[in-house]
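Undergrad: Pasting in a structure now, in structure tokens, and then I'll have a few things to ask.
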Amino acid sequence: MAKNKNKMITLRNLYYKIKFYLFGVSKEPIYDKTNSYIYDYFKTLSVGKISQNKRWRNGLPWEHYGVYKGSDPKRVFIKDNKLNLVVDWNKDYNCPTRGLLYSNFDIKHGIFRIRAKVSNIDGIGSALWTFGDNGMPEIDILETCGQRCKKISNIHHWGYDYEKKLGKTSTLNNSLSSSNFKPSEEFYVYEIEFTPYKIIWRINGVVTKVEKRGIPTNKQHLILSVCQSERCGNSKFENLGIYPSGMEVDWVEVIKYK
């Protein structure tokens, strides 16, 4: 365990981690979507501004000074009835592109549920995450690197300072792996539930993490992203052209509690 008590894994989450390692994922349950606030199965791609009544947008809200130069709308597309988010090299900007969607919808209490398959490409990070409508916390439903794609992390960043000027770097992480868990080969349903008292992570209905600290009181937006990530190391993809799909998403379901 880490010395910083904010980073210590609780006994409860250690139990979930060991249980997942031993038994892995269960068969994907059948979800009743009749109570869905939103169910997007990506037959078409609804991208644009909130004022245009669109579900998603390209770019992140804090990029108010201009869209990140590698955020290319063409790197998010539908193929074979799946949403594809890919990464390649942008010769014009001499940088990697980024495939990303940020939701115009939000929830305060409820569930985000995403059926997805991650990238297995070295140096590429796949992530399903949420971010508050007025700032932190950042909460990772799933985060993984291509070269370590058999292991994913559920991460809760709270009291966090990205620039580390204030010394706040609280991170609560539960990394998960199992012999029958193959997230770059098979689709799984990744889920996060927000309640007034706790946050619950699940994979195919199996609880993998519960947090009762740093519970957000603001509304949360959903972010789907794939990019070259420093934490994933370097990738020599400048000469590869367009990648095969970085991450595929089958559907997104949103349940909003009253």
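Undergrad: Between Ser229 and residues 5 or more places away or on another chain, which pairs have amide H atoms under 5 Å apart, with H built 1.01 Å from N, and which residues are they?
TA: Excluding prolines and chain starts, which carry no amide H, the hits are Gly125.
Undergrad: Output the pairs from Lys219/Lys256; Lys49/Lys91; Lys108/Lys198 with a Cα-Cα distance over 20 Å in this structure; if there are none, say none.
TA: Lys49/Lys91
Undergrad: In nm, what is the difference between 0.36 nm times the number of residues separating Leu11 and Ile200 and their Cα-Cα distance?
TA: My answer for the length gained is 66.5 nm.
Undergrad: Work through the residues other than Lys82 whose Cβ is under 10 Å from its Cβ and net out their charges, Lys, Arg +1 and Asp, Glu -1.
TA: Local net charge: 0.
Undergrad: Sort Trp129, Trp201 by Cβ crowding within 10 Å, fewest neighbours at the top. Could the numbers behind the result be given before it?
TA: Working: Trp129 20, Trp201 25.
So the residues, fewest neighbours to most, are Trp129, Trp201.
Undergrad: Using θ = phi - 60° and the Karplus curve 6.51 cos²θ - 1.76 cosθ + 1.60, what whole-Hz ³J(HN,Hα) does each residue of the stretch 142-153 get, with Gly and Pro shown as x?
TA: Here the 3J(HN,Hα) series is 8, 8, 7, 10, x, 6, 10, 6, 7, 10, 10, 10 Hz.
Coordinate-derived values only; no laboratory data. None of the values given here were measured: they were computed from a predicted structure. Counting neighbours? That spans all protein chains shown, and the Cβs are built from the backbone with ideal geometry, glycine included.
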